[in-house]
Amino acid sequence: QIPNLDCNCISFSKDGRAIISGWSDGKIRAFGPQSGKLLYVVNDAHVGGVTAIACANDPEKIISGGFDGSVRVWRVTAESRVMLGSMKEHK
């Protein structure tokens, strides 16, 4: 739980090592399922909040949807968080 923010969506990574969550502040956060420890954050994932999240079969990729009407694909590694693609006007 993060004060003054709403968690809009969650998904478990395919390998079970992370709970991926989308938040009202536009960030994607991943937490350890046992410890609850914050593993990583994707800052500024969507304007207006993240409203949908899904994990791809590739453990480095996640797909997010936002209040801004876009769908984005992200590559998340220990070193970086990179947007691989974006589709606009998805409603």
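What the table below lists for this structure:
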| item | result |
| --- | --- |
| Whole-number accessible area per residue in Å² for the chain, which is evaluated in the context of all protein chains at 1.4 Å | 62 |
| Label-reachable residues, the stretch 42-57, where backbone N falls under 12 Å from a point 7 Å from L84's Cα toward its Cβ | 55-57 |
| Rounded, prolate or oblate (a/c below 1.5 giving rounded, otherwise prolate when a/b exceeds b/c) for the chain by Cα gyration tensor | oblate |
| Cβ-based charge dipole, the stretch 15-70, positive-most Cα from I53, P33, F67 | P33 |
| Extension reserve of the D44-L5 stretch, reckoned as 0.36 nm per residue once the Cα distance is removed | 12.6 nm |
| Solvent-accessible area, 1.4 Å probe, carbon plus sulfur percent, for the chain | 52 |
| Under 24 Å, Cα to Cα: Lys pairs in the chain, sequence gap 8 or more or different chains | 10 |
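The values are calculated or read from the model by the stated rules, or taken from the named source; none is laboratory data. Just so you know, these numbers come straight off a predicted model, no measurement behind them. Note: ideal-geometry Cβ built from the backbone for every residue, glycine included; neighbour counts use all protein chains shown. We work out accessible area using only protein heavy atoms, side chains counted, and drop any ligands, DNA or RNA first. Shrake-Rupley method; radii C 1.70, N 1.55, O 1.52, S 1.80 Å.
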